[in-house]
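Chemist: Questions regarding the structure given below will be posed in turn.
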Amino acid sequence: MGAAGGAGGMGGATSSSSSGMFIDDAGAKACPSITNTAAMVAVPGWDGKAYCIDATEVTNAQYATWLESSPSVANQSATCASNLSFTPSTGAPPKNDYPVGSVDWCDAFAYCKGVGKRLCGRIGGGPAPYYAHDDASRNQWFSACSHGDTQAFPYGPAYDANACNVKDAAYGAVLPVGTLASCGGGFDGLVDMSGNVWEWEDSCVPADGGVDVCRRRGGSFSSSADNVDCDVASSRPRDAAEANTGFRCCAD
């Protein structure tokens, strides 16, 4: 973790995150309200760059609804040219409130783009720098989770074994999004940024063997205490689709 508050502070931005409204250099704006997607929470930005982030992980029901729109795999970038299907590796998801899993990075990126949002990345636009995962002035996911780098966990400064769906809480499985009210933060309205499922992030680098690796954040229901704080950043191949990994979206 960096020093509390980071370098320079969140100058020029205020927010009323519970209403989905924020003020930045361009004046008052509202977070997108898009049918069949997660509600969004406004987060104060650095140097006036406020943004919005999904209140919860994307659910099976929300992802299934997007799949029913028959999104084209032909519209992906070159880095995802080998991704020939957006269906989770376990098959079409049921329409429930559990977080969608078994999706790879390309699936997550395409969903967020397809519903008018973007996979969380750099504050101000584009991918987050891979080696700046704990920089609240640049990383959307980290800044939202840590309340602008002022606390180590979304719910506060110290680990609470029972606050979120993590290994120590002993639920032993993924829970529907928002099940644990104690797993709120780092801004009002946000939930499940620690545990439940890992969350893909728009932050990738080339790796040995020719397959990029991309960041995932927050830990899962099976993660121990040292893997569920806001600055933890696991890496997986871009094409990995694992049951304990989902995502949430952001918007500028």
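The numbers here are math on the coordinates, done by the rules we state, and not lab data. On a predicted model such as this, the values are computed, not experimentally measured, just so you know. Note that we place each Cβ from the backbone using ideal geometry, even for glycine, and neighbour counts take in every protein chain shown.
Chemist: Report the Cα centroid-to-centroid distance between the stretch 33-60 and the stretch 151-185 in angstrom, as an integer.
Modeler: 20
Chemist: Hey, rough spin-label estimate for residue 85 and residue 70, points 7 angstrom out along Cα→Cβ, what's it come to in nanometres?
Modeler: Label at residue 85, label at residue 70, 1.7 nm between them.
Chemist: Residue 168 versus residue 182, label points 7 Å from Cα toward the beta carbon: distance in nm?
Modeler: Placing both labels 7 Å along Cα→Cβ, they lie 1.1 nm apart.
Chemist: Also: Report the residue, chosen from 32, 94, 206, that carries the largest GNM mean-square fluctuation when the chain is represented by alpha-carbon nodes joined by springs under 10 Å.
Modeler: Judging by the Gaussian network model, the answer is 206.
Chemist: Follow-up question, since we're still on this one. When all alpha-carbon pairs of the stretch 114-251 are counted, what percent fall beyond 28 Å?
Modeler: 12
Chemist: Also: Could you work out [θ]222 nm for the chain from helices alone, using -39500 (n - 2.57) per DSSP H run of at least four and dividing by all its residues? Round to the nearest 500 deg cm²/dmol.
Modeler: Theoretical 222 nm ellipticity from helices: -2500 deg cm²/dmol.
Chemist: Please go through the residue pairs 117/167; 113/167; 95/117 and name each one whose alpha carbons sit more than 27 Å apart in this structure.
Modeler: Numbers: 117/167 31 Å; 113/167 32 Å; 95/117 21 Å.
Exceeds cut-off: 117/167; 113/167.
Chemist: Could you check the spin-label model distance between residue 30 and residue 207? Points 7 Å from the Cα along Cα→Cβ, value in nm.
Modeler: 4.2
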